[in-house]
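Read the structure below first, then the notes.
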Amino acid sequence: SFIGEESVAAGEGSILTDNPTWIIDPIDGTTNFVHRFPFVAVSIGFVVNKKMEFGIVYSCIEDKMYTARKGKGAFCNGQKLQVSGQEDITKSLIVTELGSNRDPETIKIILSNMERLLSIPIHG
């Protein structure tokens, strides 16, 4: 099976089943792309029994290929990635994306979450 982000965004229905399924977003970061902001990728995932098996993200502008496989780790251009081990949230940099849903209730939830994050003394 195939699920395409662009077709779902256009209103086509999509149901994730237990069948092996490719999930593809050919322009991940469509808003960035439209505004010529250079953070755009091609994202591909493969799901079996509704569980992610592996994923690939190709950052076009940076020419970086990110890959990950369940239980096997994550890589960038073949080099293994790992988390920093930093456990003190006050030494962190938090990045967020607000999404495109402008429903008043959704906005209220997002802003409430942001308020909680911003009350933590983080780097930025």
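Here are a few things to note about the model shown:
- Assigned charges on the beta-carbon of Lys, Arg, Asp, Glu; the chain dipole about Cα centre (debye): 400
- Kirkwood radius and radius of gyration were both taken over the C-alpha atoms of the range 1-71, and their ratio Rg/Rh is 1.01.
- Rel. contact order, % - alpha carbon contacts under 8 angstrom, at least six apart, the range 8-52: 43
- Here the accessible area is traced with a 1.4 Å probe on the protein chains. For the range 1-82, carbon and sulfur cover 60 percent of it.
- Estimated vicinal HN-Hα couplings, Hz - the range 22-32 in sequence order (Karplus 6.51, -1.76, 1.60; Gly, Pro = x): 8, 10, 10, 10, x, 10, 7, x, 4, 4, 4
- Lysine pairs meeting the criterion (Cα under 28 Å, 8 or more apart or interchain), as found in the chain: 15
- Counting only Cα atoms, the range 47-124 measures 38, 32, 30 Å along its principal axes, largest extent leading.
- Selection from G85, I109, Y66, by position along the positive dipole direction of the chain (Cβ): G85
- When only Cα pairs below 8 angstrom with a gap of at least 6 residues are kept, the chain shows a relative contact order of 14 percent.
- Extension gain, K64 to N77, is 4.1 nm, computed as 0.36 nm per intervening residue step minus the present C-alpha separation.
- Relative to the current alpha-carbon distance between N113 and T30, full extension at 0.36 nm per residue lengthens the span by 27.5 nm.
The values are calculated or read from the model by the stated rules, or taken from the named source; none is laboratory data. This one's a predicted model, so the numbers in the text were calculated from it and none came from an experiment. Cβ coordinates were reconstructed from backbone atoms using ideal geometry, including for glycine residues, and neighbour counts include every protein chain displayed. Just the protein is used for accessible areas: all its heavy atoms, side chains included, with ligands, DNA and RNA removed. Shrake-Rupley method; radii C 1.70, N 1.55, O 1.52, S 1.80 Å.
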